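K.L.:
Take a look at the following structure, please.
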Amino acid sequence: MKIEYLEDWTIEELEADIAKGGKFVIFTYAISIILATFRRPSDIFYIKSNEYTIANGWPYFLISLFLGWWGFPWGPVYTIQALWYSFTGKNVTEDIKDEVMLHMRSGNPVGYDTEKLMNQ
């Protein structure tokens, strides 16, 4: 998965913004089909220090709100968790910051397994 909203940043700008409160987050969403409930992660988003997380999380909020509840027994559990992460995002900054900086220095594209980050 790629990182959203990280284009056109220099390493110095990114480090300064993280020091002011910027963060890397993933959102989760839940979709249920009666006896099966699926919980999936989004791409990684970079949230600037002066932005609200929900500005990027609202599509995942709506997906979970309308499609997450209907599975038994995990639908309500995963939906509540997904709704929470829609507002806050799951902060994965410490997990990926050093690797992002390394990729930015080398000029290589950055990609991550968000399923693994979601379950940490």
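Bear in mind these aren't lab numbers, they're just calculated from the coordinates by the rules spelled out. Owing to the predicted nature of the structure, the values given are computational and were not obtained by experimental measurement. Methodologically, a virtual Cβ is constructed for each residue, glycine included, from the backbone with ideal geometry; neighbour enumeration extends over all protein chains shown.
K.L.:
Considering only DSSP beta bridges with both partners in the chain, what is the antiparallel share in %, to the nearest 5? Mind showing how you got there, number by number?
P.N.:
Details: 12 of 14 bridges.
Looking only at bridges with both residues in the chain, the antiparallel portion is about 85 percent.
K.L.:
Determine the calculated [θ] at 222 nm for the chain from helices alone, applying -39500 (n - 2.57) to every DSSP H run no shorter than 4 residues and normalising by the residue count; nearest 500 deg cm²/dmol.
P.N.:
Numbers: 5 runs with 57 residues, N = 120.
Value at 222 nm, helices only: -14500 deg cm²/dmol.
K.L.:
Relative to the Cα centre, what is the charge dipole magnitude of region 3-114, using +1 at the beta carbon of each Lys and Arg, -1 at the beta carbon of each Asp and Glu, and rounding to the nearest 20 debye? Provide the component values of the computation, followed by the final result.
P.N.:
Details: 8 positive and 14 negative charges, 121 e Å.
Computed charge dipole of region 3-114: roughly 580 debye.
K.L.:
Do you know the relative contact order of region 3-114, to the nearest whole percent, from alpha carbon pairs under 8 angstrom that are 6+ apart?
P.N.:
Working: 187 pairs, mean separation 35.4, N = 112.
32 percent.
K.L.:
Calculate, in nm to one decimal, what M104 and T88 gain on full extension: separation in residues at 0.36 nm each, minus their alpha carbon distance.
P.N.:
On the way: separation 16, 0.36 × 16 = 5.76 nm, distance 2.59 nm.
Additional length available on full extension: 3.2 nm.
K.L.:
Cβ neighbours within 10 Å, averaged per peptide: list 66-74, 24-32 in order, most packed at the top. Display every interim value, and only then the final one.
P.N.:
Working: 66-74: 16.2, 24-32: 24.2.
Answer by packing, highest mean first, reads 24-32, 66-74.
K.L.:
Additional query: Spin-label point model (7 Å from Cα, Cβ direction): what's the I80 to A19 distance in nm?
P.N.:
4.1 nm
K.L.:
Right, another one. Which residues' amide hydrogens lie under 5 Å from the amide hydrogen of F38, considering only partners 5 or more residues apart or on another chain, with H built in the peptide plane?
P.N.:
The list, which skips near neighbours in sequence, is I31, S32, I33.
K.L.:
Right, another one. Given R₀ = 35 Å, FRET efficiency for D8-N119 by Cβ-Cβ distance, to 0.05? Write down the numbers at each step before the final one.
P.N.:
Details: r = 31 Å, r/R0 = 0.89.
E(calc), rounded to 0.05, equals 0.65.
K.L.:
For K97 and W69, calculate 0.36 nm times their separation in residues minus their Cα-Cα distance, and state this gained length in nm to one decimal. Walk me through the numbers on the way to the answer.
P.N.:
Working: separation 28, 0.36 × 28 = 10.08 nm, distance 3.38 nm.
Taking K97 through W69 to full extension adds about 6.7 nm, to one decimal.
K.L.:
Can you tell me the mean projection area, over all orientations, of the convex hull of the chain's alpha carbons? Units nm², please.
P.N.:
Working: hull surface 28.5 nm².
For the Cα atoms of the chain, the hull's average projected area reads 7.1 nm².
K.L.:
Starting from region 1-51, pick out the trypsin sites (Lys or Arg not before Pro) whose DSSP state is loop and whose Cβ has at most 13 other Cβ atoms within 10 Å.
P.N.:
Numbers: sites: K2, K20, K23, R39, K48; in loops: K2, K20, K48.
Loop-located and lightly packed - K2, K20.
K.L.:
Same structure, new question: Mind checking the angle between helix 93-106 and the chain's longest principal axis? C-alpha axes, 0 to 90 degrees, to the nearest 10.
P.N.:
Helix 93-106 and the main axis of the chain meet at about 40 degrees.
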